[in-house]
Structures are given as structure tokens and as C-alpha cells.
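Quick one: this structure, given as C-alpha cells, is what I'll be asking you about.
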Amino acid sequence: MKKYLLYTIVVLGIGSMLTTSCLEENLGVGNIKQEMQGGEGWNKNKTIEIYYLTNLSDAVMGAVPGVIDYFNGLGNACSLGVIDRVDVLGNNNIATEIAFKTSRFSSYALNKVYMNGTDIATQGSLLLFNHKINSEEGFKITNDCYIKYINVMTKTTTENPIDILVPFSTVRFSNKEQIAAASTAFTTLNDNQHAFIMVGTVKKDLVEDLKNVAEGLEGCAFTEVAKNPAADYVVFMMGRKSWVLRETTDALVSGDLNAYRLSIEAGVE
């Protein structure tokens with residue numbers, strides 16, 4: 001039991017891991033094409049980009065070299081990225097490896113701790129960003145579902161980028177019980193202190209359940225970002241209506257792992 005508890009504490013410590021590398025402050029010029037949804041005009045001077053990597057399944061992400069090459073290829077153009085199902089299996093801590101080899105700050109979004117044969121393993125997602133954070137929050141929904149929240153500084157996608165503080169959160173929903181239990185956390189995230197934007201994955205047959213919950217929150221919207229008829233999961237975005245998804249593009253990273261680039265305008269009235 002002591003070994004299990006110690007392992008859990010160590011893994012959760014990944015959530016506060018800050019890669020001490022030299023990071024430039026002049027970040028990010030994006031490649032925006034066309035408006036996807038939202039208000040009458042698209043203000044690209046207030047547009048950020050979030051990169052979400054996933055295979056839209058329950059499989060563990062195994063394309064570590066491909067992920068490292070992908071983020072290194074993006075360079076400073078990526079202010080914030082999320083990699084779905086970066087599980088820590090025994091002593092094989094690929095989350096630390098990816099953060100170190102991409103020279104980025106990181107946080108770990110825990111899903112659950114489980115047994116992998118005789119080893120203790122951790123299921124979760126890895127967040128990568130270019131600017132240090134002062135704090136983070138975790139909301140326990142169930143024993144196999146947690147919401148991670150960070151306030152992270154990003155750069156807009158213009159030639160002369162400006163700083164925008166993003167109240168970002170992520171989660172992975174795989175059953176109805178998790179969504180039903182998340183109502184209290186959603187209410188907190190939707191208060192004026194958090195004013196959240198969330199990007200995560202939800203099982204395909206639970207999309208309507210999550211959408212109904214999201215749209216029941218005052219001033220919130222829900223959007224399906226990426227889906228595949230053959231896949232088990234959908235990438236979704238939800239949060240304050242002032243965060244408007246303008247465009248999504250995708251690129252193959254390796255095997256069945258895809259990267260979805262979300263162009264999101266902040267502060268839309």
C-alpha cells in the first residue's frame with residue numbers, strides 16, 4: 001500500500017513538472033485559413049492555437065519519437081499542446097521523456113492509477129506549453145476521471161504576437177457516470193475566477209450527454225472538434241462562449257495518431 005501511495009504521489013508530481021530549458025518569449029505564428037463558426041468577424045489578433053494529439057481510442061499512445069519530432073517541428077508556433085493517453089507504465093515515464101526532448105514546460109492530467117500486470121501504471125494526458133505556470137488545479141470527478149486546470153500564457157497567431165492568458169482545462173470522459181458526476185466541477189470552472197475553456201475527449205455515444213450538461217451552464221457552449229465514424233472517441237471543446245472555435249485542421253503524426261490544430265478566438269462579444 002505504501003509503495004502504491006508513494007508511486008501515486010510521484011506521478012502526480014509530474015503535474016507540476018517544469019522543464020528548465022531556455023524558451024524564447026517570442027512565440028507562435030499560425031497558419032489560419034478560414035472561419036469555422038462564431039461571430040460576424042474573425043479577429044486574428046486575438047486568436048490562439050491549441051494542438052491536440054489523439055488516436056481517438058482507448059489505446060495507449062505509443063508514437064513517442066513521432067510526437068517529439070512533431071512538436072520540435074512546430075517550434076515556437078505551438079504555445080499549448082495536449083497529448084492524449086500518455087500513460088506512465090512502471091519505470092517507463094514517457095511523459096518526462098517527451099517534455100525533456102521537446103524543451104517545454106509540462107503538466108500531467110491524471111485519469112486514473114491502475115495495475116498493468118504486476119506494475120502500477122498511470123493513465124493520463126500530457127500538457128506541453130512554452131511559458132511557466134504558477135499553479136494548477138485538479139478536480140476529482142470519479143476514481144477514474146479527473147479534470148486538470150491551468151492558467152497558461154499563450155501567444156496569438158499574428159506576425160506580431162501578443163500574450164493571452166488561457167484558463168485551460170482538459171478531461172477524458174468514457175462513461176455516463178463520469179459526466180453526471182462532473183456537474184459540481186463544471187460549475188466551479190464556469191465561475192468568474194476560472195471562466196474556463198476545455199478541450200478533451202469523450203466517448204462517441206456520450207456526446208449528447210456531455211453537450212446537454214455543457215449547454216445547461218450559463219454562458220457556455222459545446223462543440224465537436226474532431227470525429228471519425230470508425231473511432232471510439234470524439235475531441236470536444238466546451239466553455240465560455242467568449243472562446244470561439246474558428247477553424248480545425250488535422251495532420252497525421254504517426255500511425256493512427258493525429259494532431260488537431262484548433263484556432264480559437266478569445267474575448268468574442
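This table checks each residue for (1) part of a helix (DSSP H, G or I); (2) out of contact with any Leu (no Cβ under 9 Å at 6 or more places or on another chain); (3) not small (Gly, Ala, Ser).
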site	(1), (2), (3)
81	no, no, no
86	no, no, yes
96	yes, yes, yes
99	yes, no, no
106	no, no, no
111	no, yes, yes
115	no, yes, yes
122	no, no, yes
127	no, no, yes
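Of everything in region 165-190 that's in a strand (DSSP E or B) and within 18 Å of residue 203 (Cβ to Cβ), which residue is nearest to the chain's Cα centre (by Cα)?
170
Related question: Report whether or not residue 159 is in contact (Cβ under 8 Å) with a residue 24 or more places away in the chain, part of a loop (DSSP other than H, G, I, E, B), over 15 Å from residue 266 (Cβ atoms) and among the charged types (D, E, K, R).
yes
Here's a follow-up. Return the only residue of 207, 202, 213 being in contact with a helix residue (DSSP H, G or I) (Cβ under 8 Å, 6 or more places away or on another chain), assigned to a helix (DSSP H, G or I) and within 24 Å of residue 123 (Cβ to Cβ).
213
Can you report the number of residues in region 216-230 which are under 15 Å from residue 200 (Cα atoms) and either in a strand (DSSP E or B) or modelled with pLDDT of 95 or more (or both)?
6
Would you mind finding the one in 74, 23, 56 that is out of contact with any Pro (no Cβ under 8 Å at 6 or more places or on another chain), part of a loop (DSSP other than H, G, I, E, B) and at pLDDT 95 or above?
The conditions single out 56.
Condition (residue is closer than 25 Å to residue 57 by Cβ, part of a loop (DSSP other than H, G, I, E, B), hydroxyl-bearing (Ser, Thr, Tyr) and at pLDDT 95 or above) applied to region 140-150: is it met by at least one residue?
no
Hey, can you tell me all the residues within region 249-269 that are buried (at least 20 other Cβ atoms within 10 Å of the Cβ) and within 22 Å of residue 167 (Cβ to Cβ)?
Of everything in region 249-269, those that are buried (at least 20 other Cβ atoms within 10 Å of the Cβ) and within 22 Å of residue 167 (Cβ to Cβ) turn out to be 261, 262, 263, 264, 265.
Kindly provide the set of residues from region 39-55 that are farther than 17 Å from residue 198 by Cβ and crowded, with 17+ Cβ neighbours inside 10 Å, ordered by number.
42, 46, 47, 55
Would you confirm, using the coordinates I've provided, whether residue 81 is modelled with pLDDT under 95 and in contact with a strand residue (DSSP E or B) (Cβ under 6 Å, 6 or more places away or on another chain)?
no
The values are calculated or read from the model by the stated rules, or taken from the named source; none is laboratory data. Computed from a predicted model, the values in this text were never measured in an experiment. No Cβ is skipped: glycine too gets one built from the backbone with ideal geometry, and neighbour counts run over all protein chains shown.
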